[in-house]
1. Could you check the stretch 101-120 and list, in sequence order, the residues that are closer than 23 Å to PRO163 by Cβ and either of a type in the set (A, V, I, L, M, F, W, C) or without any contact (Cβ under 8 Å) to a residue 24 or more places away in the chain (or both)?
2. So in the stretch 108-150, with the set limited to residues that are among the charged types (D, E, K, R) and touching a strand residue (DSSP E or B) at 6+ places or on another chain (Cβ under 7 Å), which one is farthest from MET169 (Cα to Cα)?
3. Any chance you could count how many residues in the stretch 119-158 are assigned to a strand (DSSP E or B) and in contact with an Asp or Glu (Cβ under 6 Å, 6 or more places away or on another chain)?
4. Based on this model, can you work out whether ARG175 counts as part of a strand (DSSP E or B) and assigned by TED's automatic domain parsing to the domain that holds HIS131?
5. Limited to the stretch 137-155, what total is found for residues that are under 25 Å from the mean Cα position of the chain (by Cα) and surrounded by fewer than 17 Cβ atoms within 10 Å (Cβ to Cβ)?
6. Of everything in the stretch 159-172 that's part of a loop (DSSP other than H, G, I, E, B) and surrounded by fewer than 18 Cβ atoms within 10 Å (Cβ to Cβ), which residue is farthest from the chain's Cα centre (by Cα)?
7. Take LYS12 and decide whether it is surrounded by fewer than 12 Cβ atoms within 10 Å (Cβ to Cβ), more than 30 Å from VAL135 (Cβ to Cβ), under 29 Å from the mean Cα position of the chain (by Cα) and not assigned by TED's automatic domain parsing to the domain that holds HIS131.
8. Only residues in the stretch 24-53 that are without any contact (Cβ under 8 Å) to a residue 60 or more places away in the chain and under 16 Å from ASN10 (Cα atoms) count as the first member; pair them with residues that are among the hydroxyl-bearing types (Ser, Thr, Tyr) and not in a helix (DSSP H, G or I), Cβ under 8 angstrom, at least 6 apart or cross-chain, and list the lot.
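The values are calculated or read from the model by the stated rules, or taken from the named source; none is laboratory data. As the structure is a computational prediction, the values presented were derived from the model and not from experiment. Using ideal geometry, Cβ is built from the backbone for each residue, glycine included, and neighbour counts are taken over all protein chains shown.
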Amino acid sequence: MELNRAVAENIKRIRKTKKLSMERLAAESGVSRSMLGQIERGEANPSVAILGKLAAALKVPAEVLLENDDFESLLLSRELDNKPQRLDSGKAVLRRSFPYDDTTRQESFFLDLYISAQYAPEPSVPGCVCHATVVSGTVSLTAEEQAFQLQERDALRFAADRPYQFVNMTNSTARLLLVYQYLK
């Protein structure tokens, strides 16, 4: 998102959160009502001095008005667009659900374990945790030197920066959702 639009949306969002009318913010900041309207519509490029006045009136640090993370909350990921990785001689299939996102510091995958399949990836980067949820089947999960038997709808969070392994314990396909969160 362009910086003018980000500043406009930040000012408007904060003003509304604080339940301030445009007139009141204009009066408290010393910025004219017409200039404030132009800024909130993204039509004017406010000076540093004006941003400082608005930040003081909104009681927020000026840098908050400049935040521009480009985070798009709505993101559709279709199965056909995500090429699967076949592992364990084809008995395990790993398919990306959502790619890594800098804002949330997360990525997610679907893991299908066919009969007698196992999945033991290399440990991830330091500070990574995995949230594993069994969608169907029964899975043995060894993580942090402990073994767990997880059934449908069970979930476990564990350090993914150490060795871990999933093993299908049933005579049918086990399916999991893996969400990796990078804390550091």
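1. Residues satisfying the conditions are PHE109, PHE110, LEU111, LEU113, ALA117, ALA120.
2. Residue satisfying both the conditions and the ranking: GLU144.
3. The total comes to 4.
4. Taking the combined requirement at face value, the residue satisfies it.
5. Residues in the stretch 137-155 being under 25 Å from the mean Cα position of the chain (by Cα) and surrounded by fewer than 17 Cβ atoms within 10 Å (Cβ to Cβ): 5 in total.
6. ASN171
7. no
8. Note: pairs meeting the criteria are ALA26/SER32.
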